[in-house]
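The values are calculated or read from the model by the stated rules, or taken from the named source; none is laboratory data. Note that the structure is a prediction, hence the values are computed from the model and not measured. A quick note on method: Cβ atoms are made from the backbone with ideal geometry, for glycine too, and the neighbour counts reach across all protein chains shown. Each accessible area value is taken on the protein alone, full model and side chains, heavy atoms only, with ligands, DNA and RNA left out. Shrake-Rupley method; radii C 1.70, N 1.55, O 1.52, S 1.80 Å.
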Amino acid sequence: MVTLKDVAERAGVSVATVSYCITGKKSVKPETLLKVREAISELNYIPNYSARNLKNSVSDEIGVILPNLDDTTNSEILKGIIAQAEPAHYSVHIACSYNNPRNEQEIIKKFVSKNYAGIILMTCQTQNSSFFRRTLDQYGISHVFIMRLPQKISSNFLGFDNYSTVFYLTEQLLRKGYTNIALLTGPLDFFSENECVSGYSDAHDKYGLEPQPENILCTDMSKEGSFKETMLYLSTYLPQAIISSSLTIMDGVLEACNVHNILPGGNICLITLSEERWNRACYHPDVIQTAATAYTLGEDSFRILTENNHSSQLYDRRFKLFKDKVVDMDLCFPALPLCPPQTAVPQRYILRIASVDLPTIRAIQAVSCMFSSQSGILLTFDFFSLHDLFLLIEEDSQKQRPHYDLYLTDVSWMSYFFHKDIFLDITELLMQIPGLWASIFPKNLENARIHGRYYGFPVIGGTQFLFYRKDLFDDPLLQKQYKEAHHISLRPPKTWTEYNQIARFFTREYNPHSPTRYGTAIPTNLREDFISELLIRMWGFEGGLADSKGQLRLNTLQNVRALNNMLETTRYSPPHANQLAAGPNAPHSNLETTFEQIGNGSIAMAISFTEYASRIQNSLHPEFLSKIGYHMLPGGIPVNVGWHLCVPRRAQDLDSIRQLFSWLCQRQNSYYQTILCGQSTLLYPHASHELLRLYPWLNLTAQGLSYCRSRTYPVKGKHQLIVPADFESAIHMAFQKMKSGELSVEKALEACQANIIHQFF
């Protein structure tokens, strides 16, 4: 066991100084505090705050760590633990990790520091065996793992025999003629979930069948993750039965079935692993539930913990699986053939939507079947590149009968199309929608307003934010190295100068000891990505595209500084982000590659939009999922981003459009969109404690919207309206000349301004 003396020797200070650093009773020099923190981290020292328990041979307190208490199985396990602990005069301290490894580690360290008699835990970091050896084993804390067993570790473990349960369920379905069975579980590195897949596969093998890969779905253990996975699955496949590994996962499955108008027991057979109780039917009456003895597992976990505690040197580690009583029950499955769901509804109208392929629009498309079943109005989506969509809006809107009823329109296009008189003034139409003004972020509504009138319905809003490797920023050794080099603390950057300084520190080419290959990822290869990155830097250096009178003024000292800053950033970014993609139909961006770089831990920080936050989170390797932090971007002025559904002046059925807008304002839809794509223009998700816990960037949205600034370009030229993309392209090409070294920043800005004036004015 690591002692206070060990830490003092490693840090080269006195034991008293270490004590002061830990308790804060006396102030110490920052450099001394850093040395002590570094020593504590290296030795994995956990302060013991329970002097009473140090003097006593046996503690009367135990800790229980569960992912959550929402899942009734977890609640039943806890009830069993408490039922045994109370008569034995033990106090039970309960904490939830919410499947966040960082949270779990802090909870374990807290419990160890208080010298509890033992810990019972359902871990969310099964691959981190070294942590458990350095904490629970090293400090001699008795412990029992339940449901999820860390790899390559010898510990007490209690779980359910999920292999036998799922084998039995799958076999019974196959025997009754079911041939298309889906299985939905949590992460496969959890013992309980991996056993489900093994049982499912072996049952198919017994009947000489090969399970279809698309029928084995893995998600996190939340109902939101299950809903998202099932929604995507049901958009393409319709199984005869779905087996889920927990009631929480089944909650998400049921919600997805409801959206797709699939009736449990009528269109599909739903089965979930659950716990034994006499009143199971009142929970999900149309779902078949198993009868695992969760309460008994809780009782036994306490018994094993205390037995181990009293004879830790002689006690053999226990591995025990509890048999689910469902294997002795005669289950009643719905008879085949099941009725297909009513996918077709009487449609009196079709709304055709032209759009860019964005996550939020895909989310709306995924849940649009619910709107169609309620209204009889079918939504169809055609997807185009940014360039092609812009041209299509100009062309299609001029037709006597436009092919499309709605166009997805970027906020930067609104002024241009307004001057071309393309969109319908829908102010009165929006006034007819109850609750609209109170449900949407005011900034998003403002984006659709021109001269006091509304010309679009906001469906995508949000803002930019900084995401970064919080674990690296908090690392004592890296903090020490950074402070020695720059004389300030390592923190999320507040300015663009600080941003580059940190990016350089985390780029291996400039710092061979960097844990990441690149400091950041800045997309400058495509105009659409480049312009947002440029503007936030210009504003951060108090520059911009125009002066206070609105006159174009590019070659200013502030802009020169901003462009030099941006050019420096490219040196700390992966090459793929800086390669120029040519042609109007070039891919929208290299976002997928950037997300991959984030997911595998190759970069330390980057700027992105809330529109893509969910995709960033989904791309993260489980090892990095809990290590990402979110913060306002440097300079504090994000770009005002947004997309609206706009109506052509010659639209045919305004009543159907009004119904669609009204449906999009519903609270439930905003939850669906947030779960499926990570953001919504509606306020409701930003007040949901469940979603805020899952999607931390939601906390930044309101703050970002309050400080964001709009992209405003000249609209009227000498002879014609100026297309926003043409203005952006001129600046983008100037930047490419700066980056290649063809022109200095000053000369490129001067030439760019002259070119724009000549071309447009």
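Here r is the Cβ-Cβ distance between D60 and S113 and R0 is 22 Å; the resulting FRET efficiency, rounded to 0.05, is 0.85.
Applied to segment 509-525, the Karplus parametrisation 6.51 cos²θ - 1.76 cosθ + 1.60 on θ = phi - 60° returns per-residue 3J(HN,Hα) values of 4, 9, 9, x, 8, 5, x, 10, 6, 10, x, 7, 9, 10, x, 10, 6 Hz, with x for Gly and Pro. Here's the picture: charge each Lys and Arg Cβ at +1 and each Asp and Glu Cβ at -1 in the chain, and of S91, H403, L700 the one pushed furthest to the positive end of that dipole is L700.
By the rule of a C-alpha distance below 15 Å, with chain neighbours fewer than 8 residues away ignored, the aspartates and glutamates paired with K152 are D137, D189.
Nearest 10 degrees, 0 to 90: what angle lies between the long axis of helix 496-505 and the longest principal axis of the chain (Cα atoms)? The angle comes out near 50 degrees. Compute the Rg to Rh ratio over segment 129-255 from the alpha carbon atoms, using the Kirkwood formula for Rh, and round to two decimal places. Answer for segment 129-255: 1.06. Shape descriptor for the chain: Rg over Rh equals 1.01 (Cα atoms; Rh from the Kirkwood inverse mean 1/r). Converting phi to 3J(HN,Hα) with the Karplus coefficients 6.51, -1.76 and 1.60 and the offset θ = phi - 60°, segment 219-235 yields 9, 6, 8, 8, 5, 5, x, 5, 4, 4, 5, 5, 4, 5, 5, 6, 5 Hz in sequence order, with x at every glycine or proline. Are there GluC sites (Glu not before Pro) in segment 523-572 that DSSP marks as loop and that have at most 14 other Cβ atoms within 10 Å, and which are they? Answer by residue number: E542. What the Cβ-Cβ distance of Q558 and R667 gives, at R0 = 25 Å and to the nearest 0.05, is a FRET efficiency of 0.05. Taking label positions 7 Å along the Cα-Cβ direction at both E498 and H387, the computed distance is 4.0 nm, reported to one decimal. Here's how it looks for R711: its modeled amide H is under 5 Å from those of N640, which are all 5 or more places away or on a different chain.
Evaluating 6.51 cos²θ - 1.76 cosθ + 1.60 at θ = phi - 60° for every residue in segment 101-114, the Karplus couplings come out as x, 5, 4, 4, 4, 5, 5, 4, 4, 5, 5, 5, 5, 8 Hz, glycine and proline recorded as x.
Annotation: amide H of T123 within the under-5 Å range of I146, R148, sequence separation 5 or more or interchain, hydrogens built in the peptide plane.
Find the percent of Cα-Cα distances in segment 439-496 that exceed 12 Å, and round it to a whole number. The calculated P(r) of segment 439-496 puts 74 percent of pairs beyond 12 Å. Given a cut-off of 27 Å, name the pairs among K228/K627; K420/K549; K483/K739; K549/K739; K109/K223 whose C-alpha atoms lie farther apart than that in the structure shown. As for pairs spanning more than 27 Å Cα to Cα, those are K483/K739; K549/K739; K109/K223. Using Cβ point charges alone (K and R +1, D and E -1), the dipole size of segment 433-482 about the Cα centre works out to roughly 200 debye. For the chain, the longest principal axis of the Cα atoms and the long axis of helix 698-707 meet at an angle of about 30 degrees. For the chain, the solvent-accessible area works out to 43 Å² per residue, with a probe of 1.4 Å and every protein chain left in place.
Largest first, the residues S373, S548 sort by 1.4 Å accessible area into S548, S373. Pairs of alpha carbons in segment 413-521 separated by more than 22 Å make up 54% of all such pairs. Projecting the Cα atoms of I262, T170, F191 onto the charge dipole of the chain (Cβ charges, centred on the Cα centre) puts F191 farthest toward the positive pole.
Considering only protein heavy atoms and a probe of 1.4 Å, how much of the accessible area of the chain is carbon and sulfur, as a whole percent?
Carbon and sulfur together cover 50 percent of it.
Neighbours of Y671, meaning other residues whose beta-carbon lies under 12 angstrom from its beta-carbon, give a summed charge of 0 when Lys and Arg score +1 and Asp and Glu score -1.
Taking the longest Cα principal axis of the chain as reference, the axis of helix 359-375 is set at about 90 degrees.
To the nearest 500 deg cm²/dmol, what mean residue ellipticity at 222 nm is calculated for the chain from DSSP H runs of n ≥ 4 alone, each contributing -39,500 (n - 2.57), summed and divided by the residues?
Calculated from helices alone, the mean residue ellipticity at 222 nm is -13000 deg cm²/dmol.
Between I350 and M431, the FRET efficiency estimated from the beta carbon spacing at R0 = 25 angstrom works out to 0.45. The dipole here belongs to the chain: it is taken about the Cα centre, uses +1 on the Cβ of Lys and Arg and -1 on the Cβ of Asp and Glu, and is about 2160 debye. Straight-line reach from K206: which lysines have a Cα under 18 Å away, not including same-chain ones fewer than 8 places off? Cα-Cα hits under 18 Å: K176. Look at the alpha carbon pairs under 8 Å that are at least 6 residues apart: their mean separation over the length of the chain gives a relative contact order of 11 percent.
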